[in-house]
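Below is one structure, written out as structure tokens; comments come after it.
The values are calculated or read from the model by the stated rules, or taken from the named source; none is laboratory data. Worth saying up front: this structure is predicted, and the values here are computed from it rather than measured. Note that we place each Cβ from the backbone using ideal geometry, even for glycine, and neighbour counts take in every protein chain shown. Calculation scope for accessible area: heavy atoms of the full protein, side chains included, ligands and nucleic acids excluded. Shrake-Rupley method; radii C 1.70, N 1.55, O 1.52, S 1.80 Å.
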Amino acid sequence: MTATSPLETLAPPERLLWTVLRRLETLGLEQYEQFVPALATPAKRSLVERLRNEVPTDEALTGQELEEPVRDLCAAALSDSALATLCVQGLTLERLGQAIYSRLLTSPGAGPLSRHLAELGGAAAGQTIALALSELQQRSSTENLLAGYCDATEPVLACFDALGEAGDRALGPHFGLRFIDVLTDVATELIGNCVQLGMNRRKLVCHLTAAFMGA
Amino acid sequence: MSVPEMHPASLDLEDRLPIRRLMGLAVFGEMLAARIYGLMAQLKPEHAPILRKFASMEGQHATWFREACRCNAIEPDKEFADHELDYLIAQVNDHFAAGDCEALAVVQGFIVESMAIAIYEPYLQVADRYPGTRDVFARALEEERYHVDWMTRYLRLRFFDAEDEFIRLCQRVNVQGIDCIGGTMMKIADYLDSIGLSGADCAGSMMDGYSELLERVGIPSKEATRNVVGLFMPLIRKYRHGETIK
């Protein structure tokens, strides 16, 4: 697979999915560059560049049901500090991406190009998450990570439901994916990571539950 | 434990439906818990004395709660409770008919008790709105924790060096058990909100509490979390979208 694979090798649902992921990965990279440059890794830069080549425009997304939820999520994910960026992008949205990439690797609806991109995305996410955990670990003695995490991620998690509903309708049948399964992966990994960082598990689970319930 | 005679606060000031339904679930749920421990005693004669004691304690909770309701002019909503508990009763009957005490232990000792603890504990913060309920809920909470501790030890010994067997048991019991009891938790979330608790926090506490119990018996943390979260996710989604939960 080369960096110049033709766009036509992606089926329409794949183009839609990769357009969404390109938007999210690009936003993540921009946030890292602004607030936590160490997380703007070569692998992440390379991934974003590759996605910009494969799906250079928002054409596949424009006018689709997913457009608004994606726009809302991107707006909610605009952080204003290093800590918020680490929590929102470095932990939460990287986990979301990683969960999607992981499931794409075995999805019957993912063609060779999608699987290749998913491999790149998964590897880049893994590196970034490890770095984010390391950065957050260093802050754990001086900052209230649980409070910071809850404050920063509340508006982002609140966007997941609409994203999932639209995503299931637009992409679920093609890829054989359900957003609640992706979300289960994300929550499971997040809980493990946050406990590792010393956050109170009960409070974190309640935060996630409240966000997912829309409470 | 006697419940002091006091006049209920704000008797005319609020819709009593939420508290009637919550207390209905508490009263009739405790009565069902007494029955389940009684069934377990039949299946495990070697543990019958303590299981009958647990049954008696659960029955006592029901009596305390009913008396506390009387003092606050709350009529426990039996119809609602029956509707919620029917599905659980069917599961319990199936497990008993199969002679499966371990399944009953997971359903009652872990899932149902996790729900009770997740609600009784925060309820103490608002209990004074309903005079006479603080002491009985505090005592019931303490005793439910005792039951859970005993059940945890029982299951750890039963599945010592047999974690895979325990995982299979949980996988078998959890799908129905969480769908039923977790579903009830979702259905009462708004009622909990309306009496000053957080339904979401209660649900989160139940999920975390149950995951923790599975870990204590030997299921790896991530696996326990994934299993419990994965079973709650569809319920949470239904709650969020106002769909029929069960």
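Which of the residues that make up segment A:173-183 are open to solvent by 10 Å² or more (accessible area, probe 1.4 Å) and either assigned to a helix (DSSP H, G or I) or closer than 18 Å to A:VAL88 by Cα (or both)? Step through it out loud before you land on a result.
We begin by selecting, within segment A:173-183, every residue open to solvent by 10 Å² or more (accessible area, probe 1.4 Å); these are A:173-174, A:176-181, A:183.
Once the filter is applied, which keeps residues that are open to solvent by 10 Å² or more (accessible area, probe 1.4 Å) and either assigned to a helix (DSSP H, G or I) or closer than 18 Å to A:VAL88 by Cα (or both), segment A:173-183 yields A:PRO173, A:HIS174, A:PHE179, A:ILE180, A:ASP181, A:LEU183.
When restricted to residues that are open to solvent by less than 20 Å² (accessible area, probe 1.4 Å), closer than 27 Å to B:ILE236 by Cβ and not hydroxyl-bearing (Ser, Thr, Tyr), segment A:123-151 contains 6.
Within segment A:189-211, residues that are under 21 Å from A:ALA130 (Cβ atoms) and modelled with pLDDT under 95 have Cβ atoms under 9 Å from residues that are open to solvent by 20 Å² or more (accessible area, probe 1.4 Å) and polar (S, T, N, Q) in no pair, counting only partners at least 6 apart in sequence or on another chain. Restrict the check to segment B:218-229 and report whether at least one residue is among the hydrophobic types (A, V, I, L, M, F, W, C), surrounded by fewer than 22 Cβ atoms within 10 Å (Cβ to Cβ), within 13 Å of chain A (Cβ to nearest Cβ) and under 18 Å from A:PHE212 (Cα atoms). There is no residue in segment B:218-229 that is among the hydrophobic types (A, V, I, L, M, F, W, C), surrounded by fewer than 22 Cβ atoms within 10 Å (Cβ to Cβ), within 13 Å of chain A (Cβ to nearest Cβ) and under 18 Å from A:PHE212 (Cα atoms). For A:ALA170, state whether it is more than 12 Å from chain B (Cβ to nearest Cβ), over 22 Å from B:GLU223 (Cβ atoms) and either part of a loop (DSSP other than H, G, I, E, B) or touching a Ser or Thr at 6+ places or on another chain (Cβ under 8 Å) (or both). Judged against the criteria, A:ALA170 is not a match.
Considering every residue within segment B:160-174, establish whether at least one is within 14 Å of another protein chain (Cβ to nearest Cβ), under 26 Å from A:MET213 (Cβ atoms) and either surrounded by 23 or more Cβ atoms within 10 Å (Cβ to Cβ) or not acidic (Asp, Glu) (or both). So far as segment B:160-174 goes, yes, one or more of its residues are within 14 Å of another protein chain (Cβ to nearest Cβ), under 26 Å from A:MET213 (Cβ atoms) and either surrounded by 23 or more Cβ atoms within 10 Å (Cβ to Cβ) or not acidic (Asp, Glu) (or both). On inspection, A:GLU54 does not qualify as open to solvent by 50 Å² or more (accessible area, probe 1.4 Å) and out of contact with any strand residue (DSSP E or B) (no Cβ under 9 Å at 6 or more places or on another chain). One residue stands out in segment A:34-60 among those that are free of Cβ contacts under 8 Å to residues at least 24 places away in the same chain and closer than 15 Å to A:GLU135 by Cα: the one that is nearest to the chain's Cα centre (by Cα), namely A:ALA40.
Are there helices (runs of 4 or more DSSP H) fully within segment B:181-246 with at least 3 residues that are of a type in the set (Val, Ile, Thr)? List them.
Ranges flagged: B:221-240.
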